[in-house]
1. Rounded, prolate or oblate: which one fits segment 26-163, using the alpha carbon gyration tensor with axes a ≥ b ≥ c (rounded when a/c is under 1.5, else prolate when a/b beats b/c, else oblate)?
2. Output wanted: per-residue J couplings in Hz (rounded whole) for segment 232-241, from phi through Karplus 6.51 cos²θ - 1.76 cosθ + 1.60, θ = phi - 60°, x for Gly and Pro.
3. Would you mind telling me which residue in 190, 51, 33 has the biggest mean-square fluctuation in a Gaussian network model of the chain, where springs connect alpha carbons within a distance under 10 angstrom?
4. Take every Cα pair under 8 Å in segment 112-266 that's 6+ residues apart, average their separations, divide by the length, and report that relative contact order as a whole percent.
5. Would you mind telling me which residue in 119, 201, 215 has the biggest mean-square fluctuation in a Gaussian network model of the chain, where springs connect alpha carbons within a distance under 10 angstrom?
6. At 0.36 nm per residue, and after removing the present C-alpha to C-alpha distance, how many nm does the segment from residue 57 to residue 30 gain when stretched out fully?
7. Per residue of segment 136-153, what does 6.51 cos²θ - 1.76 cosθ + 1.60 with θ = phi - 60° give for ³J(HN,Hα)? Whole Hz please, x for Gly and Pro, Karplus curve as stated.
8. Treat the count of other C-beta atoms within 10 Å as a stand-in for reagent exposure and order 66, 74 from fewest to most.
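Taken together, the values in this text are just the output of simple stated rules run on the coordinates, not laboratory data. The structure presented is a predicted model; accordingly, all values stated were derived computationally and were not measured. Glycine also receives a Cβ, built like all others from the backbone with ideal geometry; neighbour counts cover every protein chain displayed.
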Amino acid sequence: MASLRERGHVEGRDVEVEIYYAEGRDDAFAPLAAKIAMRQPAVIVAAGTVAVEAARKANPRVPIVTLVGDIVGTGFAAMLSRPESGITGVSFQSASLDPKRLELLSMLLPKGSSVLNLTDSSARAGSHVALGDAGRALGIVLHAVEARRPEEIDVAFDAARKLGVKGVNVLTSPFLNVHRARIIKLAAAARLPAIYQWPETAEEGGLMGYGPRLTEIYRQLAGYVSRILKGASPADLPVEQPTKYELVINRKTARAIGIVIPQELLVRADHVID
């Protein structure tokens with residue numbers, strides 16, 4: 001709401017903000033979207049492909065502002081410069097970010113090590129292909145395990161132990177982000193180095209986080225909401241991409257799991273937590 005206030009909107013005067021939370025459960029989005037549609041909102045902000053699909057199906061006439069990995073690849077927008085649909089927002093190109101995180105994680109591991117790609121049902125084929133190419137180039141053996149429910153995250157780490165992986169790449173996913181505290185705890189218990197999709201996660205106790213800051217993305221999304229409330233059509237609002245990507249490394253977590261962060265990785269970090 002602070003970002004909307006910066007743009008001249010006052011809650012209770014010209015805007016009302018309602019928050020609906022699916023708790024990372026895919027099956028919760030459709031009933032939530034139906035409930036929201038009954039409220040006849042002026043605009044919906046939805047994060048992730050499953051949320052957008054549910055919102056669009058519930059009421060295709062309501063403008064949607066979204067944060068997704070690939071807004072064009074999902075078919076939500078015709079092109080970045082002109083969406084030509086009722087959906088616009090921020091696209092952070094997860095198909096290139098997930099392999100980049102694998103590269104950063106590999107700097108902690110011996111060549112030939114195996115890594116668990118922790119994913120969910122929202123992952124697109126393009127991301128898996130890009131990760132496979134990156135793994136081969138880095139000499140990393142990849143194992144993908146999908147989690148759709150919180151308890152399946154525990155199962156994934158059981159699989160990591162049985163497979164003998166040396167690290168975990170937590171792929172781009174609203175569901176996995178919702179349950180990041182659980183993942184951080186499981187990675188620590190398994191003494192496995194893990195890298196996450198947002199730099200803030202490393203500040204919360206994860207080992208490493210690489211990507212744009214969510215707080216900055218929320219400001220971008222607020223800009224779209226403001227323009228739509230003032231009469232702009234989402235079809236004419238170009239899709240934005242993050243302007244800055246940060247690498248945050250938590251050396252307190254590294255020491256706790258017995259990992260030494262090499263100097264060549266430390267010098268690439270935007271922020272190191274000691």
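1. Oblate, since a/c reaches 1.5 and b/c is not below a/b.
2. 6, 9, x, 5, 9, 9, x, 6, 9, 10
3. Result for the chain, Cα springs under 10 Å: 190 fluctuates most.
4. Dividing the mean separation by the residue count of segment 112-266 yields 20 percent.
5. 215
6. Net length gain for the segment: 8.9 nm.
7. Here the 3J(HN,Hα) series is 5, 5, 8, x, 10, 8, 9, 10, 9, 10, 9, 10, 10, 10, x, 5, 6, 5 Hz.
8. Ranking 66, 74 by Cβ neighbours within 10 Å, fewest first, gives 74, 66.
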